Structures are given as C-alpha cells and as structure tokens.
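Scroll down for the structure; my scribbles are underneath it.
The values are calculated or read from the model by the stated rules, or taken from the named source; none is laboratory data. Worth saying up front: this structure is predicted, and the values here are computed from it rather than measured. Because the Cβ atoms are built from the backbone with ideal geometry, glycine has one as well, and the counts that use them run over all protein chains shown. The accessibility values were calculated without ligands, DNA or RNA, using every heavy atom of the protein model including side chains. Shrake-Rupley method; radii C 1.70, N 1.55, O 1.52, S 1.80 Å.
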Amino acid sequence: PERRNWPFQVSAALKERHVTPTELCQRCLALIKSTKFLNAYITVAEETALKQAEESEKRYKRGQPLGVLDGIPVAVKDNFNTAGIETTCASNMLKGYISPYNATVVQKLLDQGAVLLGKTNLDEFAMGSGSTDGVFGPVRNPWSYSRQYKEKSVPKSDSEDEESDWVITGGSSGGSAAAVSSFTCFAALGSDTGGSTRNPAAHCGVVGLKPTYGLISRHGLIPLVNSMDVPGILTRCVDDAAVVLGSLAGHDPKDSTTIQDNFKPFELPSLPDVSKLSIGIPKEYHAPGLSSEILALWSKAADLFKNAGAKVTEVSLPHTRYSIVCYHVLCTAEVASNMARFDGLEYGHRSDMNKSTESMYAATRREGFNDVVRGRILSGNYFLLKQNYENYFVKAQKVRRLIANDFLKVFGSGVDILLTPTTLTDAVPYMEFIKEDNRTRSAQDDILTQAANMAGLPAINVPTALSQRGLPVGLQFIGRSFQEKQLLTVAKWFEKQVKFPMIQLEEVKGHNDNVFQHQKSASFS
C-alpha cells in the first residue's frame with residue numbers, strides 16, 4: 001500500500017488507544033538502535049524520552065491529550081539548544097556542552113507533548129551540503145539500503161567493498177532527514193540557511209519545509225547567518241509539515257525578528273484545487289549541471305498543473321546568476337561575526353595553551369573548529385576588512401536586494417507559486433562526494449535553494465519520483481512571503497498526484513510487525 005492512504009494514523013491510534021505513547025517511543029528507540037549504521041543521531045535521549053512518553057500516556061488515560069503532537073516521537077538537529085541534553089553542532093568546539101535552556105521551537109514541541117528522541121547529525125556548525133563534515137562522521141542515506149536502490153545498482157566486483165556503495169543524505173540537516181526517512185521518528189527539526197533542510201529532504205525522499213524568515217523563532221538555534229537562518233521542518237507528508245508548522249509559528253519575545261501578529265494554525269483542504277492558480281517556471285533555474293532526469297520531471301510536473309487547469313508561465317529572475325556569489329560573501333561575513341563567541345572563555349572547548357590570553361584564544365579555535373569553519377571565518381573576515389567592506393559586503397547587500405526584488409516583481413505580476421528543481425542530481429555516493437572540497441560542493445548544491453533564503457521566502461521540497469538509480473528526486477515550490485497555507489496546499493495537491501513510493505528498507509525487516517506497519521503512514525495529522 002502506498003504511504004499516503006493508510007487508514008490508520010498514529011495520532012488517531014494514540015487517541016483510540018491502539019498503541020500507547022510508551023510503546024511508540026520504545027518502537028522508535030529500537031529502530032534507532034537497529035539503524036545505528038546510518039549515523040543519523042549524535043545523542044539518543046532514551047531516558048528522558050521514555051519519561052516524556054509516560055507523562056503523555058497519563059494524559060491519554062485521563063482523556064486529555066495536549067493536541068495532535070502529544071506522544072509523537074520527534075528528533076531535533078544538534079544545533080538547537082536542548083536543556084539537559086548535549087548540543088554539539090557536530091564540532092569539537094561544543095563536545096560535551098549542555099545548554100541551560102531550550103530553543104523556543106524545542107520548548108514549543110515539548111509543550112505540545114511531543115517526545116524528544118534525540119539530537120541528529122549534521123555538517124559541523126551546519127556548514128555543508130552533505131552531512132559528511134561533522135566530527136561524528138558522515139550520515140548515510142537510508143535509501144542506500146532500500147530494495148529500490150539495491151535492485152538498480154550494478155554489483156561491484158568482489159575486490160571492491162560493498163561498504164563504499166552508500167550515498168549521502170545531502171545537508172546540512174542530513175541526520176534529521178535520514179531519521180524521518182528511516183521511520184525512527186515522525187517529524188524532525190532541521191535548519192535552513194541556504195537549503196540545509198530542503199536539500200537533504202530531496203535526497204532522502206521526505207518533505208522539507210523552509211518557512212518564511214521571521215515566522216518561526218530562531219531563539220536557541222545556534223546561529224550561522226542571522227539574516228537567513230530559519231528552523232526547518234522535515235516530515236513524511238505535507239499535512240504533517242502543516243501540523244508542525246502550526247505548533248511552532250508565531251511571535252517570540254526572545255527573537256526580535258519574528259512577526260508581531262499572532263499566527264493562526266491552519267488545516268489543509270482535503271481536496272486541494274489548483275485550477276485558479278498561476279504557477280511560474282523560472283528559466284534561470286535550468287542551471288548548468290541539472291540532470292536530464294530532473295529536467296524531465298520538472299517539465300512533467302508543469303504539465304500536471306497545466307492539465308489541472310492552472311496557468312503555467314515561464315518567468316525570469318534575472319539576478320539568479322549572481323546569487324550564489326552574493327550568498328557566499330554575506331554568509332561568510334555573518335559566520336565570521338557569529339563564530340567570534342567561541343573563544344574558550346564562557347563555554348565549549350578551551351585549550352590548555354596558557355602562555356597568554358591571545359594564544360589561548362588562537363589555540364582553542366584551531367583545535368575546536370574544522371577546516372571548513374576556519375575557512376569561512378577567514379573569508380568572512382577578509383570581506384569585512386575596512387578596505388574590502390564597500391566592495392564586497394555592501395555590494396553583496398545591494399545585490400541581495402535586487403534578488404529579493406526579482407521575486408517581488410514575479411509575484412506582483414500575478415504568479416502565485418514558483419516551481420523549480422530542489423537539487424541538480426540525485427544523491428551521490430559518499431566516495432564520490434568527498435573528492436571535491438566543501439566549498440565547491442556547497443556552491444553547486446545550494447544553487448537552486450539559497451535564493452529563497454536571501455529573499456526570506458517560504459519554500460518546500462516535495463518528493464516526486466525515483467531516479468533511474470532508484471534514489472529519490474524532489475521538486476521545490478517557492479511561495480509568497482507568509483503565504484504558507486497556499487504553498488502547502490499546492491504541495492499537498494502535487495504530493496497526491498505523484499504518489500511517491502514508500503522506501504522499502506531491507507535492514508529493518510525484523511520490525512515489520514503490525515504497529516510498525518501502521519507507523520509508516522507517518523501521518524499524525
């Protein structure tokens with residue numbers, strides 16, 4: 001059966017007492033153990049998760065659950081602060097760091113009764129597009145172990161190790177995407193600065209939503225680029241993303257960049273209609289390196305909308321070609337400023353070097369940060385030098401405004417939603433991915449996603465089909481600012497049309513008992 005139409009959904013199952021929060025939590029913890037080889041989690045909070053499940057169970061017994069998320073197992077990327085649970089950003093700089101407070105989004109999930117299973121793996125400080133550069137090692141894409149991929153992959157000669165066949169998850173929120181895709185949790189938080197939620201969502205065949213900048217609080221998300229970072233939502237279907245968004249969105253007095261007005265959670269129509277909509281196809285997104293397979297899927301998707309009565313037009317976002325360079329300048333400049341807080345004095349790693357304060361700072365940062373982070377700090381400080389500031393930083397800010405204006409013009413011309421690819425290709429094997437350095441990779445992988453961050457717009461990856469290699473390919477929808485309801489409605493309509501296949505995980509055969517089968521419906525909404 002395909003995963004959308006399971007009659008039995010986990011939230012309903014909890015309400016009808018077919019399964020208890022504790023059973024559900026134990027089931028997920030067992031799955032985390034049996035899929036440990038994916039390296040999706042850095043920390044598994046078994047004890048606190050079971051405690052939270054127990055509390056949830058008491059509420060269900062009293063017939064007073066806190067809402068749809070009560071008792072639902074979730075995971076959180078390890079760059080969100082969690083009180084009492086280590087937060088490492090996959091870096092030596094924060095190994096062993098336990099935050100005294102919860103990030104607002106984490107607190108909101110817990111207040112709704114969600115069960116926090118653990119913290120997921122990422123590229124160090126979320127800098128990367130493969131989830132291969134953290135100190136805890138790379139995350140493996142669950143699809144590497146799926147029947148779909150195994151049937152398509154050419155058997156290697158005996159001398160070559162089958163081990164090296166696995167493909168990357170994309171990044172930087174690869175742990176969260178792998179966790180959702182391998183059924184170890186029902187929803188996960190990622191972060192998205194240049195595509196870090198949508199990119200792994202595309203490679204892992206899950207839904208990845210980057211909300212409008214300012215719709216969800218960043219308080220407690222360890223910052224990468226303050227002006228672009230947004231907490232992202234990963235789920236197995238669009239309805240679930242809408243539910244999680246509803247519980248996270250809204251003003252936060254602790255984050256002055258959040259919207260002032262109250263956010264009203266919305267339900268998506270059960271039979272979405274796209275016939276009145278205008279869909280824009282930006283021609284600049286036909287980028288060099290876009291695989292012919294994805295190009296064909298993109299055209300096919302446009303036809304689906306046309307056949308449903310939507311107006312589909314080619315549009316132009318002329319400054320797209322400058323956006324990745326502009327993004328690089330702004331991103332590294334803000335990184336340089338954000339990373340200054342890691343000096344070995346207040347928290348995190350401190351070097352034993354004690355010749356002088358200066359030498360302690362220097363040694364701490366050399367030991368604590370990997371090459372990627374140090375490289376970005378270096379470039380950022382270069383762009384911010386007095387003699388370079390006008391030529392790089394200020395100029396990039398001006399180009400950023402032009403990029404944002406491109407989108408405004410297109411949306412002003414009557415287009416409702418833009419349809420683009422999310423990634424240039426399907427996921428590449430790890431051994432191939434690491435042949436190129438992080439900067440080259442990120443510049444290629446962020447090309448289709450980062451403009452939405454520069455303009456602060458909402459965007460979502462929807463799993464669309466399997467490639468010839470049996471790996472997921474996703475398409476991206478970009479909406480108008482704060483029009484998440486329209487964006488998610490279109491995404492839901494599209495999801496219904498494409499009927500993306502469910503992953504068939506060979507490795508988790510042992511868990512195919514009844515309740516686990518039901519869990520695959522993913523929907524708690």
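Once you reduce segment 284-362 and segment 198-212 to the center of their Cα atoms, the two points are 14 Å from each other. Cross-link partners for Lys300 among the lysines, with Cα-Cα distance under 25 Å and sequence neighbours closer than 8 places in the same chain left out: Lys152, Lys210, Lys276, Lys283, Lys311, Lys485, Lys492, Lys496, Lys499.
Karplus-based coupling profile of segment 482-498, in residue order and whole Hz: 6, 9, 4, 4, 5, 4, 6, 5, 5, 4, 5, 4, 5, 4, 5, 5, 7, with θ = phi - 60° in 6.51 cos²θ - 1.76 cosθ + 1.60 and x standing for Gly or Pro. Only protein atoms count toward the accessible area here, which uses a 1.4 Å probe; on segment 339-460, the carbon and sulfur part of that area reaches 53 percent.
When log10 I(q)/I(0) by the Debye sum over Cα atoms at q = 0.06, 0.07, 0.10 Å⁻¹ is calculated directly from the model, which label among (1) -0.33, -0.44, -0.86; (2) -0.26, -0.35, -0.74; (3) -0.94, -0.90, -1.15 fits? Looking at log10 I(q)/I(0) by the Debye sum over Cα atoms at q = 0.06, 0.07, 0.10 Å⁻¹ for this model, the match is (2). From the alpha carbon centroid of segment 101-156 to that of segment 260-275 is 28 Å. In this structure, the amide hydrogen of Val167, modeled 1.01 Å from its nitrogen in the peptide plane, lies closer than 5 angstrom to those of Asn141, Ser144, Tyr430, counting only residues at least 5 positions away or on a different chain. Charged side chains reduced to their Cβ positions (Lys and Arg at +1, Asp and Glu at -1) give segment 177-272 a dipole of some 140 debye around its Cα centre. Got a sec? Charge dipole of segment 89-150, +1 on Cβ for Lys and Arg, -1 for Asp and Glu; which of Leu122, Gly96, Ser144 is way out at the positive end? Highest projection toward the positive end goes to Ser144.
Entry note, the chain: the mean residue ellipticity at 222 nm calculated from DSSP H runs of n ≥ 4, each adding -39500 (n - 2.57), is -11000 deg cm²/dmol after division by the residues and rounding to the nearest 500. For the listed peptides 371-377, 496-502, a ranking on the average number of other beta carbons within 10 Å per residue, highest first, reads 371-377, 496-502.
Taken about its Cα centre, segment 279-343 carries a charge dipole of roughly 220 debye when the Cβ of each Lys and Arg holds +1 and the Cβ of each Asp and Glu holds -1. Surface exposure of the chain, expressed per residue as accessible area with a 1.4 Å probe, stands at 39 Å². Straight Cα distances below 19 angstrom link Lys61 to the aspartates and glutamates Glu16, Glu23, Asp70, Asp111, with same-chain residues fewer than 8 positions distant left out.
Placing +1 on the Cβ of every Lys and Arg and -1 on the Cβ of every Asp and Glu, with no other charges, gives segment 349-434 a dipole of roughly 500 debye about its Cα centre. Each peptide in 213-225, 400-412, 265-277 gets a packing score, the mean of other Cβ atoms within 10 Å over its residues, and the list from highest to lowest is 213-225, 400-412, 265-277.
Can you bin segment 214-342 into rounded, prolate or oblate? Criterion: square roots of the alpha carbon gyration tensor eigenvalues sorted a ≥ b ≥ c, rounded for a/c under 1.5, prolate for a/b above b/c, oblate for the rest. It is oblate, given that a/c is not under 1.5 and a/b is not larger than b/c. Peptides 10-19, 354-363 ranked from most to least packed give 10-19, 354-363, packing being the mean of other C-beta atoms within 10 angstrom over each peptide's residues. So who's got an amide H within less than 5 Å of the one on Asp192, skipping anything under 5 residues away but keeping other chains? H placed 1.01 Å off N, in plane. For Asp192, whose amide H was placed from the backbone, the distant partners under 5 Å are Val230, Gly232. Taking a ≥ b ≥ c as the square roots of the Cα gyration tensor eigenvalues, segment 109-205 comes out prolate, since a/c reaches at least 1.5 and a/b is larger than b/c.
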